[in-house]
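Structure first, then comments.
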Amino acid sequence: MEEIRKVARACFQRGSSEKKELEDIGKVARAYFERSSSEEKTSARVFFGELDDNGDGKISVQEFESVTSSSHVKDLFKNLDENGDGILDFNEVLAFYYMEKTGVPGCGSCKELLLGPYFSCATCLGKGSESYDLCCDCYSGGEYSHEHSLDNFMDTRAQLKLLRDLMKNAEITPGQVII
Ligand SMILES: [Zn+2]
Ligand SMILES: [Zn+2]
């Protein structure tokens with residue numbers, strides 16, 4: 001549950017564009033879920049069950065808060081609650097599950113949670129060392145301190161293109177790459 005606290009804290013610092021970004025993550029997460037194996041589906045349900053204390057199939061603010069006493073949790077809850085009915089159903093929790101599973105990077109400079117497009121240092125990626133990422137504002141403002149220059153950075157789409165090229169050459173199957 002440490003990851004949940006981390007995500008909650010970072011979401012709090014992020015402000016209002018977060019709702020839209022979480023909706024987008026929710027779309028991806030639900031699409032993944034639809035296509036996932038029964039094992040993966042079970043693990044998503046177990047995750048939901050851990051949050052659903054009284055087992056009524058819905059997550060209340062109280063249940064969500066019991067994961068962490070942090071005051072930031074209310075904002076995250078509100079932003080995950082897409083239809084605004086005051087509870088989180090399984091579909092709404094999937095966005096959160098997906099973030100937990102894949103890990104949400106933070107900007108190396110301002111520490112903002114990177115839910116939308118962002119830039120990564122390709123040199124660090126290529127070396128297999130820990131990734132260094134920047135939000136669009138810090139990238140364009142050049143506000144960062146990192147050993148590699150901004151020329152080394154690629155945005156999310158460029159990374160995807162690179163991955164496509166690599167996979168084509170190395171004949172990697174998607175299952176080897178994703179999560
Ligand atoms: Zn930043
Ligand atoms: Zn680097």
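No value in this document is a laboratory result; all are computed from the given coordinates. As the structure is a prediction and not an experimental result, all values here were calculated from the model. Heads up, the Cβs are rebuilt from the backbone with ideal geometry, glycines too, and the neighbour counts pull from every protein chain shown.
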Original post:
Given the pairs Lys74/Lys111; Lys41/Lys161; Lys41/Lys74; Lys19/Lys127; Lys27/Lys101, which span a C-alpha to C-alpha distance of over 23 angstrom in this model?
Top reply: Lys41/Lys161; Lys41/Lys74; Lys19/Lys127
Subject >> Potential extension, Val46-Thr123 segment - 0.36 nm per residue separation minus Cα distance >> reply: 24.0 nm
Original post:
Once phi is turned into θ = phi - 60°, what whole-Hz ³J(HN,Hα) does the Karplus curve with 6.51, -1.76 and 1.60 give for every residue of segment 44-61, x standing for Gly and Pro?
Top reply: 5, 5, 5, 4, 4, x, 5, 7, 7, 4, 8, x, 8, x, 9, 9, 8, 4
Subject >> Potential lengthening between Leu150 and Ser131 on full extension [0.36 nm per residue; Cα-Cα distance subtracted] >> reply: 5.5 nm
**OP:** Compute the distance in nm between two label points, each set 7 Å from the Cα along the Cα-to-Cβ direction, one at Asn169 and one at Arg30.
**Re:** 3.9 nm
**OP:** Rounded to whole Hz and in sequence order, give me ³J(HN,Hα) for segment 123-130 from the Karplus expression 6.51 cos²θ - 1.76 cosθ + 1.60, θ = phi - 60°, writing x for Gly and Pro.
**Re:** 5, 5, 4, x, 7, x, 7, 4
Subject >> trypsin sites (Lys or Arg not before Pro) lying in DSSP loop within segment 70-179, provided at most 16 other Cβ fall within 10 Å >> reply: Lys111
**OP:** Would you mind getting me the FRET efficiency between Thr102 and Asp56? Use the beta-carbon distance for r and R0 = 25 Å, nearest 0.05.
**Re:** 0.35
**OP:** Tabulate in residue order the Karplus-calculated ³J(HN,Hα) for segment 141-147, using 6.51 cos²θ - 1.76 cosθ + 1.60 with θ = phi - 60°, rounded to whole Hz; enter x for Gly and Pro.
**Re:** x, x, 8, 6, 10, 8, 5
Original post:
Can you sort Asp75, Asp151, Asp133 so the residue with the fewest Cβ neighbours within 10 Å comes first?
Top reply: Asp151, Asp75, Asp133
Subject >> Rg over Rh [alpha-carbon atoms, Kirkwood Rh] for segment 35-84 >> reply: 1.03
Original post:
Amide H to amide H under 5 Å from Phe153: which residues, 5+ apart in sequence or cross-chain, H placed 1.01 Å off N in plane?
Top reply: Ala122
